[in-house]
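Engineer: Questions regarding the structure given below will be posed in turn.
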Amino acid sequence: MLKEKKELENLATYCIDKSTKFGATNCEVRVGNIISETVNLRNKKIENSDRSDILSVNITTYIDKKKSSTQFTYIDNKNTNVMIEKCIEATKLLPDDKFNSLPDKKLLAKNTEDLLLFDKSTINNEKKLEYLKEVEDTALSNKLISQTNGSSFNQSKSNFIVANSDGLLSGYKKSEFSSFTDLVAKKNSSGMERDYYYDSKVYLKDIIKPKDLGNNAAKLAVRKLNPKKTKTESIPIIFEKRISKNILGILSSAITGSSFVRSSSFLKNKLNNQIFPKNINIIDDPLIKKSTYSMPFDKEGVKSDKMYLVKNGILKNIILDSYYSKILNKKSNGRASGLSNTFFEAGKRSYEDLFNCGKKLILITDTMGAFGNPTTGEFSCGATGIYYEKDFFYPVNNFTLGGKIENIFNNIILANDLEFKYSQNCPTALIVEGLVVGGY
Amino acid sequence: MSDFFEKTDLTRANAEKIIDETLLNKDDGELYLQNSINENITLDDGKIKNTNFTKTYGMGFRGVCEDVTAYCHTNSINKNSLIDASKNINSTLRSFKSYKHNNSIRRTNEKLYSDHNPIEAKSLKEKIKLLNIVDQYLRSKSNLVKQVTASISTEKKNIEIIKTGGMTLSDNQPLTSFKISLIMKKGTKNTQGSYATGGRMTFNDYIGENNWKQVCDEAFRQAEMNLDARKAPAGEMDVVLNNGWSGVLLHEALGHTLEGDFLYKKTSVFHDQIGNKIGNENITVVDEGNIFGRRGSLNMDDEGEKTQRNILIKNGKLIKFMHDRLSAKLTKNTPTGNGRRENYMFAPMPRMTNTFMMNGKNTREEMIKSVKKGIYVDALGGGSVDIVSGQFNFSVNNAWLIENGKLVMPVEGATLIGSGPEVIKKIEMIGNDLKLDNGFGTCGKSGQLVPVGLGIPSCKVLMTVGGSKT
């Protein structure tokens, strides 16, 4: 059974009392209980089941401007005391850092709206297996799918409390249901190719239909069969949605408070500067109802609101927690836990229209390796895709994409097909110039 | 030995009884108990940012029938949680009527590391002082150094495995790691360098009087070299890899595809190639979990099996895969000591330990001399592989452009890609300078991270380089 709010609150309060008693002038405690149940199926047969029940405690103690932290899985109060004492001993040894402090009380979340992040429904292992069997039956009915590499269904429920010695005591429950399948395609004597599809929802009833999961993954794996190699050239690139979302990933790692303070971002001096074309807007909205990635407040208890990261192509906001916002002389925007639901506003052109950009182009369907380096601004990764020439197209693999991240930002053209599926969401994106394909 | 039964209503005798009742009618399984403490101290931006203690404590109970695994884990070690876990396992595996219980295990008394606690080797105060000295040392090397991150991480992991019949195996696994990364800036250009050292020997073996300086010097060298680097070329070309950490090529391109779970699932590109020649005569690849003191070494794996030297590829011929108990059983092989897990929250699976290629005959100079146009890779980054298609990639931190047998200038921003079965055929020259890495490899598979070792002699191979210069 998921631990009730009261029990977590009691534990958090206990930790604050002990920390204060042992000498902390301030402290922050996070307590979380996660119960997760997964079933894996492979080639229509159960492969494993896994049940996890973890109660974890995370404490940060302050002695004036000194700070240290400890994490542990809860065993008993005696062990908790030992860990807190150890943490206090360490805190005493550290140098002062004038920016260390609990969050500004005025910014803490109060009376937050219910974002509908918890579904009481449960699905037992038998029902999970039924679902997965239908996924694999559907996938394997495609003659080009030779086997499955595993399909899984997970139910995860969590309850979380953040408390501090300024009187903060807030928390919320979350549920997540997710399904996944990974398929292997093979055609005659060709090599094997694999691809996957997944879905994740807060409410059980919203999870993708098993037939759709199986069919979607099968289509993705099959279209990779019999790949050709491609030559080294500069050519227009279209990123599919599941790849283009990584553009937001690289942006978000380059606009953290820490990377600005530490000068480790290639965008360090770009706040309030143009970094995308004028028609580009990027938003982070933690308050979308029923989204797995939503949060009423961050892990410090600071309220998080909808915010423009980029407006009319200009970088307007960066990701701030209490510590880095103080150094930068700003206010925390409730992003100590990072971004939530981040998205590009949809573009104007249709998906088909993007393909009219030239005589030939490559649609990127998969990449390997880091999608760019947020410190140097260099971009290089391995890629798989579909080569489009005038009247025909064919799969290509084993090539690289190279360039600079700013080439992608400056040249991006978005389709009008935005959908919310991941924590980062981007329409299909065309990069007409600036990327080099490395092949034979 | 850590006494897991001290603080709970579960006695050892109770636990053994529940284990027997649950597992004697299954093919395999065990109760895995873990108690580890990790201390991490990080200096960043000129100050000690945080000190952090993490305690990982809990148990994982596993039952296996044929190819089906039931696994339950929790951080509360007590009678009720073990009974619940037992019920859960029985429920998942209830359809199996026949079983072949096997609890035999290959044991050893060999000790690859002593039972010490690296966290206590130095006081917190001394460690903080050392990190401050490191910061000053790096910043004094050049005023272009804009940022230094240095960390000391020490861990003591106690594990105990209880099988049926009260069979108990335990190990205390120390691990130390010292990492440096720095950023240099010249004009508008940022460059990075990073290096580390570590393993299972004592704290002073890695972070003693002056050996920390070597780690700093190497990180500095990498960042400084890229200040004047040009765009890397793109396309297929000769690549000369330096010895040591370049073994990540081997790890990604070949190592993962030789893990036993991909053999019984028939998803490895090499699943039907055992006994076949897959590369040239000079290539011999070994995974060895019982090298003294190394980061990837273990006295026993996470199923209690002794670790050993496994020759995977000999003179180009594929000899064997790496196995845990499950993949060994399903493919009628013996376990190879490669059953590993990150912690009690995971069931074990076949993983690498220390993986390396044996020496060839060439020198690195000969290799560079033989290249008309290509790159010499001085420092590789990390990589990944798709074991089904065999395609792999990794990032290059530092490289030189080679033209007409000479190193011309540093180049940056490259990725190396290829496919395992192809690249092993395209290794043209192998050096006589095998070196194991400095002890900082961490391998991820299905969401589990484990420390590993890598090694390779210098070698020359035809590969695709992903730069941005056509």
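Engineer: In the list A:ASN58, A:ASN40, which residue meets the criterion of being within 27 Å of B:VAL64 (Cβ to Cβ) and either at the interface with another protein chain (Cβ under 10 Å from one of its Cβ atoms) or among the polar types (S, T, N, Q) (or both)?
Structural biologist: Details: A:ASN58 fails: within 27 Å of B:VAL64 (Cβ to Cβ).
Sole residue among the options that is within 27 Å of B:VAL64 (Cβ to Cβ) and either at the interface with another protein chain (Cβ under 10 Å from one of its Cβ atoms) or among the polar types (S, T, N, Q) (or both): A:ASN40.
Engineer: Report those strands (runs of 3 or more DSSP E) wholly inside the stretch B:161-254 carrying at least 1 residues which are within 30 Å of A:ASN397 (Cβ to Cβ).
Structural biologist: The strands (runs of 3 or more DSSP E) meeting that bar are B:189-199, B:234-241.
Engineer: If a residue must be in a helix (DSSP H, G or I), away from chain B (no Cβ under 14 Å) and among the hydrophobic types (A, V, I, L, M, F, W, C), how many such residues does the stretch A:214-249 contain?
Structural biologist: Result for the stretch A:214-249: 4.
The rows are residues; the columns are (1) within 22 Å of B:LYS111 (Cβ to Cβ); (2) assigned to a loop (DSSP other than H, G, I, E, B); (3) outside the structural domain of B:SER246 (by TED's automatic domain parsing).
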| site | (1), (2), (3) |
| --- | --- |
| B:GLY304 | yes, yes, no |
| B:ASN310 | yes, no, no |
| B:LEU326 | no, no, no |
| B:PRO335 | yes, yes, no |
| B:GLU342 | no, yes, no |
| B:MET352 | yes, yes, no |
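Engineer: Among the residues of the stretch B:438-453, is there at least one that is out of contact with any strand residue (DSSP E or B) (no Cβ under 7 Å at 6 or more places or on another chain) and away from chain A (no Cβ under 14 Å)?
Structural biologist: No, the stretch B:438-453 contains no residue that is out of contact with any strand residue (DSSP E or B) (no Cβ under 7 Å at 6 or more places or on another chain) and away from chain A (no Cβ under 14 Å).
Engineer: For the stretch B:246-267, does any single residue satisfy the condition of being in contact with a strand residue (DSSP E or B) (Cβ under 9 Å, 6 or more places away or on another chain), of a type in the set (A, V, I, L, M) and over 30 Å from A:ALA221 (Cβ atoms)?
Structural biologist: Checking the stretch B:246-267: not a single residue is in contact with a strand residue (DSSP E or B) (Cβ under 9 Å, 6 or more places away or on another chain), of a type in the set (A, V, I, L, M) and over 30 Å from A:ALA221 (Cβ atoms).
Engineer: Then there's this: Residue pairs, Cβ under 8 Å, 6 or more apart or interchain, first in the stretch A:142-157 and away from every other protein chain (no Cβ under 11 Å) and under 18 Å from B:TYR264 (Cβ atoms), second surrounded by fewer than 21 Cβ atoms within 10 Å (Cβ to Cβ) and of a type outside the set (S, T, N, Q). List them.
Structural biologist: Sorted first by the residue in the stretch A:142-157, then by its partner, the pairs are A:SER151/A:PHE180; A:SER151/A:ASP182.
Engineer: Kindly evaluate A:PHE180 against the criterion of being in a strand (DSSP E or B) and away from every other protein chain (no Cβ under 14 Å).
Structural biologist: Spelling it out, it is not the case that A:PHE180 is in a strand (DSSP E or B) and away from every other protein chain (no Cβ under 14 Å).
Engineer: Looking only at residues in the stretch A:145-157 that are buried (at least 20 other Cβ atoms within 10 Å of the Cβ) and hydroxyl-bearing (Ser, Thr, Tyr), which one is farthest from the chain's Cα centre (by Cα)?
Structural biologist: So the residue we want is A:THR148.
Engineer: Modelled with pLDDT of 95 or more and either within 12 Å of chain A (Cβ to nearest Cβ) or assigned to a loop (DSSP other than H, G, I, E, B) (or both), is that true of B:ARG62?
Structural biologist: It is true that B:ARG62 is modelled with pLDDT of 95 or more and either within 12 Å of chain A (Cβ to nearest Cβ) or assigned to a loop (DSSP other than H, G, I, E, B) (or both).
Engineer: Taking the stretch A:381-396, which residues are under 15 Å from A:ILE243 (Cα atoms) and either touching a Gly at 6+ places or on another chain (Cβ under 8 Å) or not aliphatic (A, V, I, L, M) (or both)?
Structural biologist: Result: A:CYS381, A:GLY382, A:THR384, A:GLY385.
Engineer: Taking the residues in the stretch A:387-410 that are more than 14 Å from every other protein chain (Cβ to nearest Cβ) and closer than 25 Å to B:GLU412 by Cα as candidates, determine which candidate is surrounded by the fewest Cβ atoms within 10 Å (Cβ to Cβ). First the steps, then the outcome.
Structural biologist: Applying the first criterion (more than 14 Å from every other protein chain (Cβ to nearest Cβ)) to the stretch A:387-410 yields A:387-394, A:409-410.
Narrowing further to those that are closer than 25 Å to B:GLU412 by Cα: A:409-410.
Working: A:PHE409: 23, A:ASN410: 16.
In this case the residue turns out to be A:ASN410.
Engineer: In addition: Quick check on the stretch B:82-104. Is at least one of its residues within 14 Å of another protein chain (Cβ to nearest Cβ), closer than 17 Å to B:ILE161 by Cα and touching a Lys or Arg at 6+ places or on another chain (Cβ under 8 Å)?
Structural biologist: yes
Engineer: Identify the single condition in (1) within 20 Å of B:PHE262 (Cβ to Cβ); (2) more than 14 Å from every other protein chain (Cβ to nearest Cβ) that B:GLY420 does not satisfy, given that it satisfies every other one.
Structural biologist: Of the numbered conditions (1) within 20 Å of B:PHE262 (Cβ to Cβ); (2) more than 14 Å from every other protein chain (Cβ to nearest Cβ), the odd one out for B:GLY420 is (2).
Engineer: What about B:GLY187, is it out of contact with any Leu (no Cβ under 8 Å at 6 or more places or on another chain), within 14 Å of chain A (Cβ to nearest Cβ) and surrounded by fewer than 18 Cβ atoms within 10 Å (Cβ to Cβ)?
Structural biologist: Yes; evaluated as a whole, the condition is true for this residue.
Engineer: To continue, here is another question. Given the residues B:GLU281, B:GLU303, which is the only one that is surrounded by fewer than 20 Cβ atoms within 10 Å (Cβ to Cβ) and either on the phi < 0 side of the Ramachandran plot or out of contact with any Pro (no Cβ under 9 Å at 6 or more places or on another chain) (or both)? Before you say what the answer is, go through the steps one by one.
Structural biologist: Values: B:GLU303 fails: surrounded by fewer than 20 Cβ atoms within 10 Å (Cβ to Cβ).
B:GLU281 is the lone residue from the list that is surrounded by fewer than 20 Cβ atoms within 10 Å (Cβ to Cβ) and either on the phi < 0 side of the Ramachandran plot or out of contact with any Pro (no Cβ under 9 Å at 6 or more places or on another chain) (or both).
Engineer: Right, another one. Could you please give the count of residues in the stretch A:61-104 that are facing chain B (nearest Cβ under 8 Å) and acidic (Asp, Glu)?
Structural biologist: 3
Engineer: Filter the stretch A:265-292 for residues that are within 20 Å of A:SER332 (Cα to Cα) and within 14 Å of chain B (Cβ to nearest Cβ) and give the result.
Structural biologist: Within the stretch A:265-292, A:SER265, A:LEU267, A:LYS268, A:ASN269, A:LYS270 qualify.
Engineer: Among all residue pairs at least 6 apart or on different chains, which show Cβ distances below 6 Å where the first residue, located in the stretch B:107-129, is within 27 Å of B:GLN308 (Cβ to Cβ) and the second is surrounded by fewer than 17 Cβ atoms within 10 Å (Cβ to Cβ)?
Structural biologist: Close Cβ pairs satisfying both conditions: B:LEU112/B:PHE292; B:TYR113/B:GLY293.
Engineer: Go through A:ARG51, A:ARG30 for me and flag whichever is within 16 Å of A:LEU169 (Cα to Cα), assigned by TED's automatic domain parsing to the domain that holds A:GLN155 and either of a type in the set (Lys, Arg) or in a loop (DSSP other than H, G, I, E, B) (or both).
Structural biologist: Numbers: A:ARG51 fails: within 16 Å of A:LEU169 (Cα to Cα).
The unique qualifying residue is A:ARG30.
Engineer: Report, by residue number, each residue of the stretch A:91-126 that is among the hydroxyl-bearing types (Ser, Thr, Tyr) and buried (at least 18 other Cβ atoms within 10 Å of the Cβ). Write out each step before concluding.
Structural biologist: So the first thing to find is which residues in the stretch A:91-126 are among the hydroxyl-bearing types (Ser, Thr, Tyr), and the list is A:91, A:101, A:112, A:121-122.
Residue satisfying the conditions is A:THR91 alone.
Engineer: Let me ask another. Between B:ILE424, B:ILE375, which is over 20 Å from A:ALA383 (Cβ atoms) and at pLDDT 90 or above?
Structural biologist: B:ILE424
Engineer: Out of all the residues in the stretch B:406-426, which are farther than 16 Å from B:ASP378 by Cα and either in contact with a helix residue (DSSP H, G or I) (Cβ under 7 Å, 6 or more places away or on another chain) or surrounded by fewer than 24 Cβ atoms within 10 Å (Cβ to Cβ) (or both)?
Structural biologist: B:GLY418, B:SER419, B:GLY420, B:PRO421, B:GLU422, B:VAL423, B:ILE424, B:LYS425, B:LYS426
Engineer: The conditions are (1) hydroxyl-bearing (Ser, Thr, Tyr); (2) within 14 Å of another protein chain (Cβ to nearest Cβ); (3) surrounded by fewer than 19 Cβ atoms within 10 Å (Cβ to Cβ); (4) assigned to a strand (DSSP E or B), and A:TYR440 fails exactly one of them. Which is it?
Structural biologist: (4)
The values are calculated or read from the model by the stated rules, or taken from the named source; none is laboratory data. As the structure is a prediction and not an experimental result, all values here were calculated from the model. Virtual Cβ from ideal backbone geometry, glycine too; neighbours counted across all protein chains shown.
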